[in-house]
Structure formats: C-alpha cells, structure tokens
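The values are calculated or read from the model by the stated rules, or taken from the named source; none is laboratory data. Small disclaimer: the values here were computed from a predicted structure and weren't measured. Glycine gets a Cβ as well: all are built from the backbone with ideal geometry, and neighbour counts include every protein chain shown.
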C-alpha cells in the first residue's frame, strides 16, 4: 500500500523539472540492509516521493532492490527477486525501472548486468543520498543535490536507453555516516534495529564482508542518540543494536568513548523501552562492559556471540579473533556477572579441514556450554576468500549431516532452557494479536526478533483486563513450553 501521508517539510526544497515518482523498496538479507532501506525510504519520502515496501499490485516507476551477497543462500534469494521483477517488467512494463543495490551489486555488478538486462542500474553499498539521486533519475527526476561526478554520477539526464548496458555505480565501499538521515519505518513492528557501525576489520578466511563493505566505521554518537530518540518516540519498544561486531564501537572515532559509554547514554533516554545487543564478539567481555551490562535495567540480559566453531584448529584456520578460543571461560565470567543471561551463537559446519574429531569437539563444546539459542550455517565457499582454496574441503553431504546432528543436539538444550521458564512471570512486548482476540504473540527479553522463538499469550481466560495492542508490554505467566516457544497467560 502506498504511503499517502504528506512528508515532513524539507528546508529549501530543490526546483524540479520532472514529476514525483512511485518507488517500491524490497530488502533482502541482514538487519543492516533493513536500516539502510529505512534511511533510503526516509530520504526519498522527504523529497516527496510515494514509498511502498512491495509493489506487485501497484504501478511502480522505480523498484529498488537492496541485495545480500554474504553466502550462497542469501545470493540465491536476491537473484530470485531480481529475476522475478525483471520478468514482470518485461511482460507488463511494471516496474518501469529497476535499480539493484547492496552487497551483491557491490560484489558482482558487471556479471549481473550481463545476466539480467532488465536491470537499469546497479549501485553498491552506503552512499544513501547518492542512491536516492540515482533512483530519482531512474524515475525521470534530476538529481536533487546536483552531482559532481565524484561517485560515478556523471550528471547525465537519466539512465541509458533500454537496449544499452545498465548504468553501474559501484565505487569503493563507503559506509561512513557524516550526518543524520531521515528514517521511515517500513514495517509495523514495535522494535527497530539501530546500526551503530558497519564494515569489518576482521580477516576471517571464510568471509567476503570486508571486501564488500570495507573497514569498520562507527556511527558518531550524536547521530545514534538522535536516531534512537526518534525510533523510541515513534513507538519502538526495543532497540536492537547491530554491526558486524559491536565490540570495537568508537575506536575509530574517539579516544575516550566506547560501547559501554554508548550503552549508558542510550539507557538515559526517557521512555519505556529495552536494548538488545546482537553480534557481540567474546573479546568484548571486559570488566567495564560486564559492569554496565549487569547494572542497567534497560539492557536485555541477552547476548548474540557468533563463535562459528569451538575446535581450536578450526578457529585458527578460520582466522577468528584470538578471544574466540577462550570463549568458554569468558562465557563463565559473563554468567557470573549476569546469572540470568541468555546466550545465542552461530556455528559453521563443514569448514575446510573439519575432521570428524573436530566436529565431535564442537558437539561436546555445545553440550558443555549450553547456549540457549544456536543457529547453524553450512560452510559456503566464497570467491576471493582464502578458505575457498584451502585443502580438506568437506563434501556437501557430510556438512548437511553434521548440520542435522548439531541442530538435534541444540534442540534438546533449547527445550530444556525453555522448560525452566514454566511458572515464571516474563514481561513480553506484544507484536501481534489474533483477529478473534483469543491469542497474542510477542517476545520477552529472552528472545531476539526474527531468529528466536516467541511467547504465545492465551487471552481466553480473562485473567488480564483489556485486549493488548501491538507495542504493549504485558506481564505473562508462563504455563508451558514448546520446542522453541513459550505459552503463557496475561496477568495484571
């Protein structure tokens, strides 16, 4: 559905020689893409354009696809979207133009241009305002700020002809945030992602993210605090802090301001909300961080610590940060500081050189540490990464079998963790209510959005007065557990 609300006033709006356009945005991949899409939507809406998240049922001037190029499954998903909309463009002339941006475009624009002639332009990562300029041109508008050509925008009036090669604007990645950008939410969820940094300085042998996004770049604290206040005032009951790694936040900008300081500043913002930390490497479990984490009530006692493996030889081959090898002891310290903490991790199976013995050590480590939540990726050989050419490549069938065994092991651990919650009272952020008002679904501090389970709230017994709405916090007494979900009843 098109957003027909008038955009906020824009200071000194530029003169235009073309009509405003209808733009649809489709986001594929990680939460950082979601943030970029919402900033892009904010910039375009501020310029007066109509914005939609999906465009299959409306006439679209420009469809912008933000792609992911992290692993094979994510690339395939992005390619499926591009392929489908190229077909609708060819058959129905809708959308009229297609612009593809993001990591996959940054990585493979030339190849994609040859494979998908229906795409009119490719843009890489970052440079949100430049991407908005490009989308305007695709829709028949001129660039709003006047391009000097420094980023490949050559000042031409629009895109090349339909039968010409697509316009490719993929200079070196630049993720730096120099000033606040408007942000338009593209969903109705009562939570939001706050991207505090992008890019990566790690040199993991399996990962192409540094090549696609460049070095680690923190977002200045003033921008983050302003954006957080806006999200909270707009109804976000949960801020999920994201980056490739939260731990180095601020090191590239400040000498005396780091992640714990940012957390304290965020916690001082007025409002009823909570803060969740995602993608936190174990080397960041310093005494200062543990003290702030345990002290601040707005911080969910939840950490997503992506370890990738527990066998020391595999960790060395992955070239993981040195702190990962000491993760079991660091997690012990974390649990001592915050006994209620919920820990999520991700593991890679089938990495080159992963022997049966190495996989057994991974299984034993998972059983000993007992993560509350765990996701599994099968190793994906990525072009341009050292691991692609390593000896000892593991057959796909073996990796698939190991994935199944690890998931079975973790399922038992997660089920036991959830069973221990029966009888407890948890504060749940409601995300949906059934049409008949008999059931609601949400999350407590124990579950991250989109990757963990949910809390299902039975509203039939009338124990709670009034029907909760999306975005409400509700106290829930847990009465039973399922494999991945909890079930409870709302109480006053």
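Could you grab me the full set of residues in the range 275-308 that are part of a loop (DSSP other than H, G, I, E, B) and on the phi < 0 side of the Ramachandran plot?
Within the range 275-308, 278, 280, 281, 285, 286, 296, 297, 298, 305, 306, 307 qualify.
Being in a helix (DSSP H, G or I) and over 28 Å from residue 207 (Cα atoms) narrows it down to one residue among 272, 261, 256; which is it?
That would be 261, the only listed residue that is in a helix (DSSP H, G or I) and over 28 Å from residue 207 (Cα atoms).
Is it the case that some residue within the range 74-81 is assigned to a loop (DSSP other than H, G, I, E, B) and in contact (Cβ under 8 Å) with a residue 12 or more places away in the chain?
No, because not a single residue in the range 74-81 is assigned to a loop (DSSP other than H, G, I, E, B) and in contact (Cβ under 8 Å) with a residue 12 or more places away in the chain.
Scan the range 221-251 for residues that are surrounded by fewer than 17 Cβ atoms within 10 Å (Cβ to Cβ) and closer than 30 Å to residue 108 by Cα and report the count.
Count: 0.
Among the residues of the range 318-329, are any touching a strand residue (DSSP E or B) at 6+ places or on another chain (Cβ under 8 Å), in a helix (DSSP H, G or I) and at pLDDT 95 or above?
Checked the range 318-329: at least one residue is touching a strand residue (DSSP E or B) at 6+ places or on another chain (Cβ under 8 Å), in a helix (DSSP H, G or I) and at pLDDT 95 or above.
Restricting to the range 39-67, give me the number of residues that are surrounded by fewer than 21 Cβ atoms within 10 Å (Cβ to Cβ), in contact (Cβ under 8 Å) with a residue 40 or more places away in the chain and part of a loop (DSSP other than H, G, I, E, B).
So the answer is 3.
Could you check the range 381-466 for strands (runs of 3 or more DSSP E) lying wholly inside it with 2 or more residues that are surrounded by fewer than 17 Cβ atoms within 10 Å (Cβ to Cβ) and without any contact (Cβ under 8 Å) to a residue 24 or more places away in the chain?
Strands (runs of 3 or more DSSP E) meeting the threshold: 439-443.
Cβ-Cβ below 6 Å, separation at least six or inter-chain, first residue in the range 176-193 and without any contact (Cβ under 8 Å) to a residue 12 or more places away in the chain, second surrounded by 20 or more Cβ atoms within 10 Å (Cβ to Cβ): which pairs?
none
Yes/no matrix, rows are residues, columns are (1) outside the structural domain of residue 396 (by TED's automatic domain parsing); (2) farther than 17 Å from residue 402 by Cβ; (3) surrounded by 18 or more Cβ atoms within 10 Å (Cβ to Cβ):
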residue	(1), (2), (3)
280	no, yes, yes
295	no, yes, no
301	no, yes, yes
312	no, yes, no
318	no, no, yes
332	no, yes, no
336	no, yes, no
357	no, no, no
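Which of the residues that make up the range 82-105 are closer than 15 Å to residue 125 by Cα and in a helix (DSSP H, G or I)?
Passing the criteria: 103, 104, 105.
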